[in-house]
Amino acid sequence: MSRRVVLSVTAGVAVLAGAGAYALAYAGEQPPAIAHSTAHYTTPTEDHSGSLTFTTDVTASSGIKDVKVLAWPANSSFAKNGLTAKDMAAVESAHCKPSGADTVHCTYKVPVTPDEANTSPHGRWHIAVLATAKDGDTTLDTKAADFTVD
């Protein structure tokens, strides 16, 4: 092989190796990913409390520090003004268990009394999720799942 060809091949390999290393480094810095979110609302009766159950999977290469959950009516001020991570600061956290190398499966369940159901806005509701990775990266999904209050 000529010297020129060897130098060109060597330069090409170096460029590809550098691009691969950059891609791997960039992949390690991705914010948390929220997936497979579902919400189930059970209307309370006079005899039994109802409930709201939300589940989701969250993945982050650095691990998950916290997953906060907020149910909000679709016709609330959040629909007009938008929901922010600051709004989520004081809300409750989901209970999360490892379900893979970098993934946790999270569940948020709250009872709903007949009085709460009667005084809550009826119609469509959304579930907002704020996932925080151990490295500090965050992801906010303001409409991770929906449910209806009748």
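Quick note: the coordinates plus some simple rules give every number you see, no bench work behind them. Since the structure is predicted, the reported quantities are computational estimates derived from the model, not experimental observations. Note: ideal-geometry Cβ built from the backbone for every residue, glycine included; neighbour counts use all protein chains shown.
How far is it, in nm, from the label point at residue 150 to the one at residue 107 when both lie 7 Å from their Cα along the line to the Cβ?
2.5 nm
Any idea how far apart residue 95 and residue 135 come out in nm if each label point goes 7 Å out from Cα toward Cβ?
My value for the distance between the label points is 3.0 nm.
Starting from 0.36 nm per residue, how many nanometres of slack lie between residue 42 and residue 85 once their C-alpha separation is accounted for?
Extending this stretch completely gives an extra 12.7 nm.
I want to check the label-to-label distance for residue 51 and residue 74. Put each point 7 Å from Cα in the C-beta direction and report it in nm to one decimal.
Once both label points are built, they end up 2.5 nm from each other.
Answer rounded, prolate or oblate for the range 31-140, using the Cα gyration tensor with square roots of eigenvalues a ≥ b ≥ c: rounded when a/c is under 1.5, else prolate when a/b is larger than b/c, else oblate.
Cα axes put the range 31-140 in the oblate bin.
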